[in-house]
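What follows is a single structure, written as structure tokens, with notes after it.
Read the figures in this text as sums done on the coordinates, not as results from a lab. Remember, it's a predicted structure, so these values are computed and weren't measured experimentally. When we count neighbours, we look across all protein chains shown, and the Cβ atoms used for this are built from the backbone with ideal geometry, even at glycine.
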Amino acid sequence: MLSRTNLTLIALVTVIATPSLAVAQQRGPEVADFTLANGLELVVIPDHRAPVVTHMIWYKVGAADETPGKSGLAHFLEHLMFKGTAKNPTGKFSQVVARIGGQENAFTSQDYTGYYQRVPSDQLKTVMEFEADRMTGLQLTDDVVLPERNVILEEQNQRIGNNPRARLGEQIDAALYLNNPYGKPVIGWRHEMEELSRDDAIGFYRRFYAPNNAVVVIAGDVDPAKARALVEETYGKVPRHNNLPPRIRAQEPPPVAARSLTLADARAEIPTLQREYLVPSFATSKRGESMALEVLAHILGSGSNSRLYRGLVVDKQVAVAANAWYDASTLDLSKFAIGGSPRPGVTLTQLEAETDAIVVEVIAKGVTAEELERAKTRLIADAVYALDNQASMARWYGTALTTGASVNDVKNWPDRIRAVTAEQVQDAARQWLDKRRSVTGYLVKDVSPQAEKRS
Amino acid sequence: MIRVLSIFFAAAAAIASANTASAMTIEKIVSPAGIEAWLVREKALPLVTLNYAFHGGTTQDDAEKAGTANLAAALLDEGAGDLDGKAFHERVENHAIELGFQVGRDYIHGSLRALNEHRDEAFDLLRLALTSPRFDADAIDRLRGQTMATLQRDTTNPNDLASRRWWQTAFPDHPYGREGKGTLESVPRITAADMREYVRRVFARNELKVSIVGDVDAKTAGMLIDRAFGALPAKNDLKPIANATPSGLGRRIVINVDVPQAVVTFGGQGIARQDPEFMAAYIVNHILGGGSFSSRLYREVREKRGLAYGVSDSLVWFRRAAVMLGGTATRADRTADALAVIEQEVKRMAEEGPTPDELAAAKSFLKGSYALSLDTSGKIAAQLTQIQIDDLGIDYVQRRSALIDAVTIEDAKRVAKRLYGGGLLVTIAGKPKGLTSSGATE
């Protein structure tokens, strides 16, 4: 809830050039993967360094699964999941977690909704019992639903309304996706959020929350056999849902027109250029293609020696910031973004022309062997660094398994990054960084008289 | 632009449970050059994590050149020794090394992470950054431009507006009142010579705190530490900083900016880390507005009334001052209501203190959550550095549970009165309906 703040952010902002499927290689843990009779999948990632566990449940439902006209419902339900069941009234679960010194939170993306607790390892069964109980036992009344609706409206203000760059991102997404629901913000459109009801939330809950639509990921101080036994005793008793709707979303037509939009905001002190291209995710790509896009994003826009930073900020000195990112972990088509902010005295048009020149050069000439090696070294090292953080490990597996990848895909990710060739990176740039696949957004300062008057 | 660095924001609170304390052994080591460090051996992973701090943060800036320490820190990896910025970054990236520098008011903190196979290279690069940063003109120009852009952006950001005004008002004639990044006026004045002078005065061995976690024995750790820090001067050369207490309590300041949601910063007097009543205060503040779903502020402002997405406060301590500081963000037509609830809860805590049940629950949480704040190498290393800075002793991890248990309900009530009885300074950025500045002339 409160720190739900931090987590939902991921859904709206997306991690930059981080190995969304990264994890473990030679020295990684023995990851176990089971499926119960009722369809629940369990992944266990042992890490015995500290006597704590991270317990997460990931439902394969997100904002993109909402009924048209009900934007924000998946996330609203995430908040309402803390409002109690017949067995455990409002606040009980959170009180118990706090008593045992645990942390808890939840998060929503276009493709998944997740809940987690981080607790001492001897308390694992306790949190499993609560979590299994609220899988089907949620009870809602208007006296908890209505204040919470105000909370999500304040969350929308905090994330989007008060933040010009977030407003720009929302407009770009809406323009990029012509048909797929990824064009709607995870937080929702305000006019629809204001109308969300208790019945909407309960209906959505009954449709999607079930053991055969969930993955439990446990990372930390537990062994797989023990974890499995605990899961059988708790989640194992929840009956399977026999009418789960298939996850079929409207797909994008082939993009044919370069689009651009301008957002004028009185608070936009520094202009911003951001472009998003419609590109394959891991789940929608041909073999190796999304890894090539990950390497490309790193070479183009991650760090001081990236093409965009070096070209725009250091050499040409037309920008104060420049970057690129790509999110491989989406069920449907994903996006590859590039952007930056101009130096004072440089127009967005000039910055865009210089940015285009850099992209064109990569398409025409490819990347150097040294750049390729550097990017791969960094991405593969991230998989080793990840081993130091059980919560990150749990999150990577959960993300993968709810966005069309498997445990083996996660395990093999470093090898697949290692296998990326310069030619594949150039091919990816040529095929996907095509302006006709993109929306370019300009954030500028609103200097109209009305804006002056308002501020 | 926006970079999500960490998904799990662990609670900063580190409190002992017997369990974990025994699972982790902290060794005090002294390097051949005589630098003391705390070491935790962690053999499970092929990497090393270093965390360190030098006394001397933004308080060392001249007022008219505020932002010097921050700009200097941003330039440390933009060229050092024979390596220009490009070459330095290439060496870092080719070996997947992570170097970080972060400036606070009293300290500059640093971190390093490397795979074992690259650790010598990593510590060599750190030495170069600390002992011979170049401060090349083109790099200064570039990083200054980035800082100016950030400062320009902050001028219409309600969070920055509310926070800056709070600090300026609480510490009007003290370095603690300044924004560490500096101002649009001060940053253009900073020269390479200013930054060299900052590095010369601050980067020294005498008040250096070092923590290291990894698959490394004491002897190797000592050699690595000397590799990075051994060549630094023996003694720093710092400006003295005066003690201060927050002023402006009882005032409310409204900053007009056209945003849909008003951002509120509130705060009052705090408590020194070395104060015998610190732990009681820490527990009481956790009950009032600490970062869990059961604090009074969370329950009253968010859960019952839906007035905000987040509301919390924490105790913040420096070498020369301490404050309680909190915040929320709420719709313009209900800002007055939210603020009234917060002020009422602070007052009620001052007058009545917590209940015995609340005290027991908070103790239980703070003891149990300790292990979660020590479950990665980076968190352990950062925590050990903070324990050294606060001078709590190498056995603090073991002692902390007992310190918590020792707090009685009488202690809690007494400290609540002392902590919250002095009133609040409140700053609000936005268009809060029906609220105006009050309490003193601006």
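A few notes on this one:
- Restricting the calculation to alpha carbons of the range B:57-205 gives Rg and Dmax of 16.2, 50 angstrom.
- Furthest towards positive pole of dipole, A:A283, A:S438, A:G345, structure part chain A, Cβ charges: A:G345
- Cα convex hull, the range B:16-108: 164 Å³ per residue, rounded to a whole number.
- Put simply, the convex hull of the Cα atoms in chain B casts, on average, a shadow of 20.9 nm².
- On Cα atoms only, tilt of A:390-402 relative to the major axis of chain A in degrees: 80
- Degrees, to the nearest 10: A:422-432 long Cα axis against longest axis of chain A: 90
- Whole-number D in µm² s⁻¹ for chain A, Kirkwood Cα-pair radius fed into Stokes-Einstein, 4 °C, 1.567 mPa s: 56
- Given B:K347/B:K417; B:K86/B:K181; A:K83/B:K304; A:K125/A:K411, the pairs whose alpha carbons are separated by over 19 Å: B:K86/B:K181; A:K125/A:K411
- Unit charges on C-beta of K, R, D, E only; dipole of chain A, Debye: 180
- Positive-pole candidate from B:L425, B:I97, B:A218, dipole of the protein assembly as shown, charges at beta carbon: B:L425
- In plain terms, the bigger the Kirkwood radius, the slower the diffusion; for the range A:296-406, with that radius from Cα pairs, at 37 °C and 0.692 mPa s, Stokes-Einstein puts D at 209 µm²/s.
- Taking the range B:263-306 and a reference point 7 angstrom along Cα→Cβ of B:S364, the backbone N atoms nearer than 16 Å belong to B:287, B:292-295.
- Extension gain for A:T262 to A:D427 (0.36 nm times residue separation, less C-alpha to C-alpha distance): 56.3 nm.
- For the range A:323-450, relative contact order (Cα pairs under 8 Å, six or more residues apart, normalised by length) works out to 29 percent.
- Counting only alpha carbon atoms, the long axis of helix A:124-136 and the longest principal axis of chain A meet at about 80°.
- Bridging of B:K219 to aspartates and glutamates at a Cα separation below 19 Å is possible for B:E27, B:E36, B:E42, B:E117, B:D120, B:E121, B:D124, once same-chain residues fewer than 8 apart are set aside.
- Each eigenvalue of the Cα gyration tensor of the range B:333-426, multiplied by 5 and square-rooted, gives one semi-axis; in descending order these are 31, 18, 14 Å.
- If you wrap the tightest convex hull around every Cα atom of the range A:222-266 and split its volume per residue, you get 303 Å³.
- Along each principal axis, taking the top coordinate minus the bottom one, the Cα set of the protein assembly as shown gives 69, 67, 66 Å in descending order.
- Here's the picture: charge each Lys and Arg Cβ at +1 and each Asp and Glu Cβ at -1 in the protein assembly as shown, and of A:A74, A:A166, B:Q269 the one pushed furthest to the positive end of that dipole is B:Q269.
- For chain A, the mean residue ellipticity at 222 nm estimated from helices alone is -12500 deg cm²/dmol, where every DSSP H run of n ≥ 4 contributes -39500 (n - 2.57) and the total is divided by all residues, rounded to the nearest 500.
- CD proxy at 222 nm, helix term only [per DSSP H run n ≥ 4: -39500 (n - 2.57); per residue of chain B; nearest 500]: -12000 deg cm²/dmol
- Zone of A:E370's modelled label, taken as backbone nitrogen in the range A:425-447 under 20 Å from a point 7 Å along Cα→Cβ: A:425-426
- Modelled label positions at B:A272 and A:Q350, each set 7 Å beyond Cα in the direction of Cβ, lie 5.5 nm from each other.
- Straight-line cross-link partners of A:K70 among the lysines, defined as a Cα under 17 Å from its Cα and at least 8 positions apart when in the same chain: A:K184.
- Percentage, to the nearest whole number, of Cα pairs in the range A:256-347 over 17 Å apart: 57
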